[in-house]
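Asker: I have a structure I would like to understand better, so I am pasting it below and will then ask my questions one at a time.
Please treat every number below as a calculation from the coordinates, not as lab data. It should be emphasised that the depicted structure is a prediction, and the values quoted were computed from it without experimental measurement. Cβ atoms come from the backbone with ideal geometry, glycine included; neighbour counts cover every protein chain shown.
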Amino acid sequence: MAKSYDNPDIPDTDPRRIPDAIGQSEAFLDFQARLAAVAPVERPVLIIGERGTGKELAAARLHFLSRRWQQPLVSLNCASLSPSLIESELFGHEAGAFTGAAQRRAGRFELANRGSLFLDELGLMPVSAQEKVLRVTEYGVFERVGGTKELQVDVRIIGATNADLSQMVDKGSFKADLLDRLSFEVLHLPPLRMRRGDIALLAGHFASRMAAELGMERTPELSQQARQKLEAYQWPGNVRELKNIVERAVYQSEGRTIRDVDFSPLRPPWQESTPCLDISSHAAVPYDLGSVLIEKGLEEARLELERRALNEALAGDCSQEEAAKRLKISYNQFRALFRKHRA
């Protein structure tokens with residue numbers, strides 16, 4: 001479906017029209033500098049990056065930093081349409097052009113006239129459509145599907161892909177001429193694993209937004225353990241995956257601190273392998289219940305006994321389900337106990 005970044009509720013001069021670019025790592029700042037440099041140049045730009053790195057956000061920033069910022073930014077995900085429909089979506093169609101075409105319909109190129117057209121998943125565009133896109137890129141003209149009249153448009157194309165287009169050219173699945181035209185400038189979005197210094201910054205940003213969305217009075221803070229886990233992870237899903245994990249951790253948090261993060265939400269919790277809580281440096285010391293009762297009282301003695309029981313049950317990196325069986329309590333009872341002493 002088409003997506004326009006024009007928002008009539010935000011004035012044209014409002015800086016909120018330019019999407020946020022959050023990061024301070026060298027790789028990220030270098031990318032943003034190259035993007036800002038090419039933004040005012042009226043030529044196509046190709047953005048290459050892994051899934052979840054923020055290619056669409058980068059395209060929007062490129063548009064709003066260009067001279068076309070007051071004109072439409074229209075997008076099309078080439079992976080979301082069948083080969084038979086993509087030409088109609090790009091170039092529009094005349095009434096009666098095919099079954100179901102009851103009336104004339106403008107395509108994305110017409111909608112983006114004088115603005116920018118963002119073509120996501122460019123490598124999945126069929127060759128037949130690539131030929132027509134090449135013609136628009138070179139001459140600025142095209143015909144609607146089923147039409148004979150040439151239409152002229154002024155559109156800046158921003159392409160994005162995670163595919164190796166050079167390899168696709170060698171295999172014949174992508175036109176070399178189109179690649180030449182679209183790659184006036186090629187911006188490589190760095191993956192999150194190359195932006196280690198940005199992970200905590202991004203996590204804090206996502207946590208703050210999620211807390212505000214949930215109406216929380218205060219944004220939960222990441223514990224040192226949670227932060228270390230985030231920074232050590234390889235992030236195959238990049239920034240999108242980080243956003244999901246942090247937002248999930250915020251809504252599941254039961255206090256002011258996020259003690260842990262879950263990288264495998266699709267795995268049943270009873271299959272989790274949970275390390276020892278390591279909440280007492282005296283776990284190996286014989287426990288004298290009578291002495292603790294006299295020294296600290298009944299409540300502290302009970303808490304200390306629960307902590308030691310949890311550590312004993314989780315010894316050997318066993319699953320939480322197995323630990324519950326060792327303690328002869330239900331899994332739900334174990335989870336409640338575990339959360340209580342982890343908080």
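Asker: Could I get the Rg over Rh figure for the stretch 44-155? Both from C-alpha atoms, Rh via Kirkwood, rounded to two places.
Answerer: Looking at the stretch 44-155, the ratio lands at 0.97.
Asker: Here is a further query. Whole-Hz Karplus ³J(HN,Hα) for the stretch 141-156, in order, using 6.51 cos²θ - 1.76 cosθ + 1.60 and θ = phi - 60°, x for Gly and Pro?
Answerer: After applying 6.51 cos²θ - 1.76 cosθ + 1.60, I find 10, 7, 10, 5, 4, x, x, 10, 8, 6, 10, 10, 9, 10, 10, 9 Hz.
Asker: Also, quick follow-up: Quick one: which residues, 5 or more positions from residue 185 or on another chain, have an amide H under 5 Å from its amide H? H modelled 1.01 Å from N in the peptide plane, none for Pro or chain starts.
Answerer: 46
Asker: Any idea what the relative contact order of the stretch 47-192 is, in percent, if you count C-alpha pairs under 8 Å spaced at least 6 apart?
Answerer: Normalised by residue count, the contact order of the stretch 47-192 is 32 percent.
Asker: I would also like to ask the following. Given R₀ = 35 Å, FRET efficiency for residue 70-residue 194 by Cβ-Cβ distance, to 0.05?
Answerer: So, using R0 = 35 Å, E works out to roughly 0.55.
Asker: Please list 303-315, 54-66 highest first by mean number of surrounding beta-carbon atoms within 10 Å per residue.
Answerer: Taking the mean over residues of other Cβ atoms within 10 Å, the ranking is 54-66, 303-315.
Asker: Still on this structure, please answer the following. For residue 34 and residue 328, compute 0.36 nm times the residue count separating them, minus their Cα-Cα distance, and round to one decimal in nm.
Answerer: 99.8 nm
Asker: For the residues 340, 229, 243, what sequence is obtained by ranking on other C-beta atoms within 10 Å, fewest first?
Answerer: 340, 229, 243
Asker: Would you grab the residues whose amide H sits under 5 Å from the one on residue 221? Only those 5+ places off in sequence or on another chain, please, with H modelled 1.01 Å from N.
Answerer: 257, 258
Asker: Excluding residue 197 itself, calculate the net charge of residues whose Cβ lies under 10 Å from the Cβ of residue 197, where each Lys or Arg counts +1 and each Asp or Glu counts -1.
Answerer: Around residue 197, the charge tally is -1.
Asker: Next up: For the stretch 187-200, in order, what is each residue's ³J(HN,Hα) by Karplus, 6.51 cos²θ - 1.76 cosθ + 1.60 with θ = phi - 60°, in whole Hz (x at glycine and Pro)?
Answerer: Whole-Hz 3J(HN,Hα) from phi for the stretch 187-200: 9, 9, 6, x, x, 5, 5, 9, 10, 3, x, 9, 5, 5.
Asker: Sticking with the crude label model, points 7 Å out along Cα→Cβ, report the distance from residue 340 to residue 164 in nm, one decimal please.
Answerer: The two pseudo-label positions are separated by 5.6 nm.
Asker: Would you please give the residues with an amide H less than 5 Å from that of residue 154, counting only those at least 5 places away or on a separate chain, with H modeled from the backbone geometry?
Answerer: 114
Asker: Please compute the length gained on full extension between residue 41 and residue 260, using 0.36 nm multiplied by the number of residues separating them and subtracting their Cα-Cα distance.
Answerer: 74.3 nm
Asker: Net charge within 11 Å of residue 88 by Cβ-Cβ distance, Lys/Arg positive one each and Asp/Glu negative one each, not counting residue 88 itself?
Answerer: Net of charged neighbours comes to 0.
Asker: Can I ask one more? Straight-line reach from residue 243: which lysines fall under 16 Å, measuring Cα to Cα and dropping same-chain residues less than 8 apart?
Answerer: Straight-line reach from residue 243, under 16 Å: 55, 229.
Asker: Determine, from the Cβ-Cβ distance of residue 171 and residue 221 and an R0 of 45 Å, the FRET efficiency 1/(1 + (r/R0)^6), rounded to the nearest 0.05.
Answerer: 0.35
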